[in-house]
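Written out below as structure tokens is the structure these notes cover.
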Amino acid sequence: MKKLILALLVAFVAINIQAQDNIKKNPVVQDLDFLIGTWEVEFDWYDTHKPGSEPVFSEKGTMVCYYDLDYRGTKKFIFCKFSLHTDSGRLKGRYRETLEVIQWSKFSNAFEKTGVFSNWPATGTGTFIFDPIKRTFYYEGELGVQDGMVEKMVETYQFNEDYTAFEKRNIANFSDMPITEFNLTMTCKAKKAND
């Protein structure tokens with residue numbers, strides 16, 4: 001298991017380096033225009049230490065993405081609001097909302113994503129690059145947990161050819177865990193709704 005996780009991390013770094021070559025020279029948030037609209041989303045959350053097991057819980061709902069915050073006639077951010085219902089597992093019946101805000105940052109030379117969650121009193125932050133040739137996002141970020149501890153996350157989004165569906169995989173570990181160990185794996189399937 002540790003070898004598999006280490007191999008995934010090495011592959012992520014190699015893909016990330018290759019993707020840097022495919023990045024547009026002067027990106028803007030409008031390069032992600034395909035996100036705008038309503039998406040049907042399904043999340044499955046797994047215990048990484050129990051490969052092949054059923055999800056700990058599953059969520060279904062919508063993600064609605066739109067432009068906001070104008071500066072000199074140009075929208076500078078994409079907001080994506082999630083409305084999610086947990087339909088199975090230990091959190092069955094839970095409803096939560098999340099909001100992700102995306103922008104291009106000249107300071108970090110990457111897209112930045114900040115997330116806030118109705119069920120969690122902390123903020124998730126990170127950066128990602130978009131590889132338009134492979135139609136892929138590569139994201140690295142952190143979510144505050146408690147007592148100065150953070151949950152580190154690595155995500156990959158893979159879009160289909162016409163950007164009307166994507167699959168996302170997230171692995172996460174806590175800052176007091178070895179880099180080769182992960183506590184949760186999340187998968188997501190999303191399909192654009194007919195707006």
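The values are calculated or read from the model by the stated rules, or taken from the named source; none is laboratory data. Everything quoted here is computed from the prediction, not taken from an experiment. Methodologically, a virtual Cβ is constructed for each residue, glycine included, from the backbone with ideal geometry; neighbour enumeration extends over all protein chains shown. Calculation scope for accessible area: heavy atoms of the full protein, side chains included, ligands and nucleic acids excluded. Shrake-Rupley method; radii C 1.70, N 1.55, O 1.52, S 1.80 Å.
Some observations on this one:
- Computed over segment 75-195, relative contact order equals 13 percent, with contacts defined as Cα pairs under 8 Å that lie 6+ residues apart.
- Out-of-range pairs (alpha-carbon distance over 22 Å; input Lys50/Lys192; Lys168/Lys192; Lys81/Lys134): Lys50/Lys192; Lys81/Lys134
- Ordered from largest to smallest accessible area (heavy atoms of protein chains, 1.4 Å probe), the residues Leu32, Leu99 come out as Leu99, Leu32.
- Leading residue at positive end of dipole, segment 34-166 (Cβ point charges), from Ile133, Pro55, Cys80: Cys80
- When Trp39, Trp45 are compared by accessible surface with a 1.4 Å probe, the order from highest to lowest is Trp45, Trp39.
- Most to least accessible of Lys192, Lys81, Lys168 (protein chains only, probe 1.4 Å): Lys81, Lys192, Lys168
- For segment 85-143, carbon and sulfur atoms together expose 55% of the accessible surface, with a 1.4 angstrom probe and every protein chain in place.
- For Glu167, the accessible surface of its heavy atoms amounts to roughly 110 Å² (probe 1.4 Å, protein chains only, rounded to the nearest 10).
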